[in-house]
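Below is one structure, written out as structure tokens; the observations come after it.
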Amino acid sequence: MKRYFNNITRSIGALALLGLAACDYIHDDSLPLCEYRLRFVYDYNMKYADAFQHEVNKAALFICDDKGNFLMRRDIEGDELKANNIRMDLEPGTYYLLTWAGLDKGSYEWPELTPGTSTIKDIRVKTLRESDATQPNELEPLWHALDTLVITGAVHEEKEISLAKNTNKLRVVLQDTEGYSMDVKDFTFQIVADNGYMDYDNQLLDDPAITYTPYYAKSIDIAGGDTINGKPANQYVAVAELNTMRLMDKQNYRLIVRHKGWEEDVLNVNLCNYLLLTQMEGHDISAQEYLDRQDEYSIVFFLTPIICPDCPDPDPDPEDPEDPDPEDPDPEDPDPEDPDPEDPDPEDPDPEIPDPPHPVVGYACYKIQVKDWVIRLNEGEL
């Protein structure tokens, strides 16, 4: 709460006291009016560098009086946001300023507010989801700030509004340690978390869990043009990207990966626990601050296949006819107008994934890479 109720106003009024600048609120028409201005920063990230201009494209300001009564909403975008020097036309007094930057009706919902009737506690934001509680779409990035403005009207004043990001992206990669290819269509990916309903102070409210599913999924060839016995060597990994809203320490948000043909999950882990294994990275910060500062994660699961040589192929290829039609072209004779079969298009949206020599009936995970950190697991840790 200390971060969100920052009562320190950065003032340049000292210049006026030194006679270098002067202003007046109502008494002296010969002087310009004293102004109160805001400047946004987004440096609450792991680089500790301001990324506001690069990432934020709109901000909604909800202004309330010192009792928390809603007064007005003001939207900042376009040239005003780019200039990032926002003049607040407010009478002297104390105000609460709640900022939700990035609000978008395609990703979130929030209540209609009535000045004089609504209060700051009504200004809650809920993440949209489908009727079955899934969220398959890429969410608009969302930031939050809650500040106190103390406007004296006696000097020029300014305040810095520091934003915290609520949205996170997770990129999951499944790689076979034996070099077999993995088809992303064989798997489902989910993050299950009850983190989609945010209060005015950015704390989470009770809400049914959302099942975040991939907005991006693809099989990607990582062989990089390698050859075996003069033929192209393909090893595909399964890649998926998912959203999740604010990650909270000590909460049991689950990352679940399933194979379409198996009863047991390939992976079912406490997401925050694994992300926090890399929380320090040379910075002496709390677990929650680490989760709030990070907004993008990449996790590579190195999966060791469990092979069953005697098991039947669960998805056999159709048999070739014994007597092919002589009118049909020779399947061994490629059409000269077709692309080179030895040089498959790396951008093929639906590549043909080679099968392993024997059916894979399960996976064991002994190594995970979270961002640049490698974590080795003992059997049963997952």
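Annotation: of all residues in the stretch 359-376 being in a loop (DSSP other than H, G, I, E, B) and charged (D, E, K, R), the one that is nearest to residue 173 (Cα to Cα) is 371. Report whether or not residue 51 is of a type in the set (Gly, Ala, Ser), closer than 21 Å to residue 37 by Cα and in contact with a Ser or Thr (Cβ under 8 Å, 6 or more places away or on another chain). Criteria not met by residue 51.
If you go through the stretch 141-154 and pick out every residue that is surrounded by 16 or more Cβ atoms within 10 Å (Cβ to Cβ) and in a loop (DSSP other than H, G, I, E, B), you end up with 3. Scanning the stretch 168-187 for residues that are within 13 Å of the chain's Cα centre (by Cα) and aromatic (Phe, Trp, Tyr) yields no hits at all. Total residues in the stretch 97-110 satisfying the condition of being loosely packed, with under 13 Cβ neighbours inside 10 Å, in contact (Cβ under 8 Å) with a residue 24 or more places away in the chain and within 14 Å of residue 199 (Cα to Cα): the figure is 0. Restricting attention to the stretch 168-189, the residues that are buried (at least 18 other Cβ atoms within 10 Å of the Cβ), part of a strand (DSSP E or B) and not hydrophobic (A, V, I, L, M, F, W, C) add up to 3. When 194, 201 are checked against the criterion of being under 22 Å from residue 133 (Cβ atoms), modelled with pLDDT of 95 or more and not hydroxyl-bearing (Ser, Thr, Tyr), 194 stands alone in meeting it. Within the stretch 239-261, the set of residues being touching a residue at least 40 places away in the same chain (Cβ under 8 Å) and surrounded by fewer than 15 Cβ atoms within 10 Å (Cβ to Cβ) comprises 260, 261. For the stretch 155-167, check the following and say yes or no: at least one residue is within 19 Å of the chain's Cα centre (by Cα), farther than 30 Å from residue 83 by Cβ and in a strand (DSSP E or B). No: zero hits. Being more than 19 Å from residue 35 (Cβ to Cβ) and touching a residue at least 40 places away in the same chain (Cβ under 8 Å) is a property that does not hold for residue 93. Consider the stretch 111-131 and keep the residues that are without any contact (Cβ under 8 Å) to a residue 40 or more places away in the chain and over 20 Å from the mean Cα position of the chain (by Cα). The one that is surrounded by the most Cβ atoms within 10 Å (Cβ to Cβ) is 111. Of all residues in the stretch 172-184, none are farther than 28 Å from residue 256 by Cβ and of a type in the set (Val, Ile, Thr). Within the stretch 161-188, the residues that satisfy the criterion of being hydrophobic (A, V, I, L, M, F, W, C), within 20 Å of residue 291 (Cβ to Cβ) and out of contact with any His (no Cβ under 6 Å at 6 or more places or on another chain) are 163, 170, 172. Cβ-Cβ distances below 8 Å connect the following pairs, each with a first residue in the stretch 56-71 that is in contact (Cβ under 8 Å) with a residue 24 or more places away in the chain and polar (S, T, N, Q), a second residue that is surrounded by fewer than 19 Cβ atoms within 10 Å (Cβ to Cβ) and in a strand (DSSP E or B), and a separation of six or more residues or different chains: 57/77; 69/119. Of all residues in the stretch 243-298, those satisfying the criterion of being of a type in the set (Asp, Glu) and part of a loop (DSSP other than H, G, I, E, B) are 249, 263, 264, 265, 281, 284, 295.
For the stretch 190-211, how many residues meet the condition of being assigned to a strand (DSSP E or B) and either farther than 30 Å from residue 147 by Cβ or acidic (Asp, Glu) (or both)? The qualifying residues number 4.
The values are calculated or read from the model by the stated rules, or taken from the named source; none is laboratory data. Predicted model, so just to flag it, every value in this text is computed and none were measured. For neighbour counting, all protein chains shown are included, and Cβ atoms are generated from backbone atoms with ideal geometry for every residue, glycine included.
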